[in-house]
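For reference, the structure is listed below as structure tokens.
The values are calculated or read from the model by the stated rules, or taken from the named source; none is laboratory data. Please read these numbers as outputs of a predicted model, since none were measured by experiment. As a convention, Cβ positions derive from the backbone with ideal geometry for all residues, glycine included, and neighbour counts pool all protein chains shown.
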Amino acid sequence: MGRLNGQVEKIEATQINVRVLQDGKVIASVAADADGNYQIDGVAPGTYTIEIAAKGYETVSLTAWVIADQSTPLDRVALQALAVPVAHLRGFLADRVTKQPLENVRVQLIDDAGNVREVLTKATGSFEFENLQPDQRFTLAIEHDGYEKQEIAIEPIPATETAKLTRELVPIQQMEQLPIGDGLPVGAKAPDFSLPDGDGQLYSLADYIGQKRVVLVFYRGSW
Amino acid sequence: MSSDDLADTRRAVDRAKRRFGADIRFPVLSDAERLTIAAYNATDPFNAQLARPITYIIDERGVIRWKFLDIRVGDRIPSAEIINELEQL
């Protein structure tokens, strides 16, 4: 494994985010420290794009070649203020059950044209999308192993403002596999079905979901 | 629900109506293909043609909240017990 490190000229009261991408996918995300230094350990050898972003500043992209067991220093960067007004989105993700922040969750922001930007949550569970086009609708898509998918509609954010969002991800219950014929465990999702009664009229479980509880009885039949 | 076809399901309902002298106020379904029986892991391990007598309570969110598996073929959970469970959930 290799290491990446570099320095960004610090900006008063502005967090600088450093993201490491490979083939368009974010693989690591850190914030530069108070002096503008950053370091990312445990990076597999290969070619990466480093994105350095801060609210209201032009994002800078660097290319880095990481070599095993070596440190790859990156050019010092000074971010330039953006000329156009932009909006920002900041969020926080936690586990619904444990309430603990969730790190390294891939979060995608999709605009109406289908353009996708993605970030990872930091150790604090937070993520940021800087420098968005103001007054535009987005969809936020969150997918993480072991959790239910979420898609959230983001209302247009006015220029210079930062929209804030807190979400809890719902763990997918790991169900025990019961022996054949012993049924599904309590807590499992009931599989949908659509079956006829003796007169051929169809009944679906889905017709009852959200309305009523259902008692479902399996019996052996008239064999 | 059972693996009976439509005709056998209708006969079973008619038989029950005669026996109890009243209408049956819940649908009795036919799963002749046994796909739903398999999906609920209710296939009898000793006779794949048949469902094992399992009773589930499914909540409004579609989650199984209670289950009862009758071990002996003739056994059935009394309706009063199911109603009791429904009230407790």
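Observations, loosely collected:
- Single residue of region B:32-58 satisfying the filter (within 15 Å of A:Ile180 (Cβ to Cβ) and charged (D, E, K, R)) that is surrounded by the fewest Cβ atoms within 10 Å (Cβ to Cβ): B:Arg34
- Boolean, B:Asp31 is at the interface with chain A (Cβ under 7 Å from one of its Cβ atoms), of a type in the set (D, E, K, R) and more than 23 Å from A:Pro191 (Cα to Cα): no
- With respect to the conditions (1) at pLDDT 90 or above; (2) more than 7 Å from chain A (Cβ to nearest Cβ); (3) within 20 Å of A:Pro179 (Cβ to Cβ), B:Ala7 lacks only one, and its number is (3).
- Residue-level analysis places B:Thr43 outside the set of residues that are in contact with a Phe, Trp or Tyr (Cβ under 8 Å, 6 or more places away or on another chain) and either at pLDDT below 95 or more than 7 Å from chain A (Cβ to nearest Cβ) (or both).
- Only one of the numbered conditions (1) within 23 Å of the chain's Cα centre (by Cα); (2) surrounded by fewer than 12 Cβ atoms within 10 Å (Cβ to Cβ) is not met by A:Val26, and that is (2).
- Residue ranges of strands (runs of 3 or more DSSP E) in region A:1-112 with at least 2 members within 30 Å of A:Ile172 (Cβ to Cβ): A:16-22, A:25-31, A:37-43, A:87-95, A:106-111
- Those residues of region B:14-31 which are crowded, with 17+ Cβ neighbours inside 10 Å and of a type in the set (A, V, I, L, M), in sequence order: B:Val28, B:Leu29
- B:Ile77 vs. criteria closer than 14 Å to A:Val217 by Cα and surrounded by 13 or more Cβ atoms within 10 Å (Cβ to Cβ): yes
- Index of the failed condition, A:Asp199 passing every other in (1) within 14 Å of chain B (Cβ to nearest Cβ); (2) at pLDDT below 90: (2)
- Within region A:45-104, if we keep just the residues that are among the acidic types (Asp, Glu) and surrounded by 12 or more Cβ atoms within 10 Å (Cβ to Cβ), the residue that is farthest from the chain's Cα centre (by Cα) turns out to be A:Glu58.
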